[in-house]
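Just below is one structure, and these are the notes that go with it.
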Amino acid sequence: MFPMNQPFQINAGDGLRLELLMPDEAPRVFAEIDRSRAHLREWLPWVDAAVNARQTRAHLRESIEGFARGQGFSLGLFEGDVFMGMIGFHAFDMANRLTSVGYWLGEAYGGRGRMTRAVIAACDYAFKERGINRVTIRCATGNLRSRAIPERLGFVHEGCQREAEWLYGQPVDLEIYAILAREWAVRKAFQPGQG
Ligand SMILES: CC(C)(COP(=O)(O)OP(=O)(O)OC[C@H]1O[C@@H](n2cnc3c(N)ncnc32)[C@H](O)[C@@H]1OP(=O)(O)O)[C@@H](O)C(=O)NCCC(=O)NCCS
């Protein structure tokens, strides 16, 4: 459904780009997960199960297939040749024009607004290129750094799903943030410098 003859990239500004990763990138993606394991594990339920680059390769293959079929996919964050983390669309529900976004950054790369810019670029893509009407981000209640991203970008806090995620032996509540295409357009008109 989508062309695969050239690398798919989204420019997020200031030298940051989002790129569909090929399976042979698996070793360095896994190396970053491994380096940042304690940091990522606090909020991501899949980290303990990520034990080798072979699994990462399988995940990247699924992502490429998802992209090719018009379904969900993940993109790597890069500055130059440096891989920093990932952002992904969980799915595209085109009947209802919905998508949701998830993300992680290697521990060394936080605190500089990179993921905020990546989310701006991902939302621009979803609204402009994919005809999406609503983008959702769900964050654990205690994950204040993650929650700060949709809050910074003007997403509406719609509520809390109680015990909606199982995180290493205990449930956590998830805060739901969403923004609509028309709200994004207004936001862009008033903050043209951002993204
Ligand atoms: C969630 C996560 C990606 C947030 O990372 P982050 O570095 O806080 O987010 P950003 O890259 O957008 O950077 C924002 C920070 O940079 C600062 N910043 C600097 N320049 C900035 C700019 N131009 N724009 C926005 N923020 C900027 C912000 O003030 C903020 O720092 P602060 O928290 O000290 O105030 C990261 O903590 C992470 O990977 N956590 C583990 C995985 C996870 O929780 N994933 C989300 C699951 S829902």
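The values are calculated or read from the model by the stated rules, or taken from the named source; none is laboratory data. Keep in mind that this is a model prediction, so the values were computed, not measured. Ideal geometry is used to build each Cβ from the backbone, glycine not excepted, and the neighbour counts take in all protein chains shown.
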Residue in segment 146-167 that is near the ligand (Cβ under 8 Å from one of its atoms), outside any loop (DSSP other than H, G, I, E, B) and in contact (Cβ under 8 Å) with a residue 60 or more places away in the chain present: yes
Contacts under 7 angstrom Cβ, first residue in segment 69-82 being farther than 13 Å from T99 by Cβ and at pLDDT 95 or above, partner among the basic types (K, R) and crowded, with 17+ Cβ neighbours inside 10 Å, 6 or more apart: L77/R114; F78/R17
Yes/no for D24 being among the charged types (D, E, K, R), assigned to a helix (DSSP H, G or I) and closer than 28 Å to P171 by Cβ: no
Residue in segment 64-77 that is within 14 Å of P23 (Cβ to Cβ), surrounded by fewer than 17 Cβ atoms within 10 Å (Cβ to Cβ) and away from the ligand (no atom under 16 Å from the Cβ) present: yes
Sole exception among (1) over 25 Å from I10 (Cα atoms); (2) out of contact with any Asp or Glu (no Cβ under 9 Å at 6 or more places or on another chain) for T141, by number: (2)
Among residues of segment 67-85, those that are part of a loop (DSSP other than H, G, I, E, B), over 14 Å from the mean Cα position of the chain (by Cα) and under 26 Å from R35 (Cβ atoms), counted: 2
So D93, is it surrounded by fewer than 17 Cβ atoms within 10 Å (Cβ to Cβ), in contact (Cβ under 8 Å) with a residue 40 or more places away in the chain, charged (D, E, K, R) and away from the ligand (no atom under 13 Å from the Cβ): no
Where G88 falls short, out of the listed (1) outside any loop (DSSP other than H, G, I, E, B); (2) touching a Lys or Arg at 6+ places or on another chain (Cβ under 7 Å); (3) within 14 Å of the ligand (Cβ to nearest atom): (2)
Within segment 96-113, considering residues that are assigned to a strand (DSSP E or B) and within 21 Å of E32 (Cβ to Cβ), the one farthest from the ligand (Cβ to nearest atom): V101
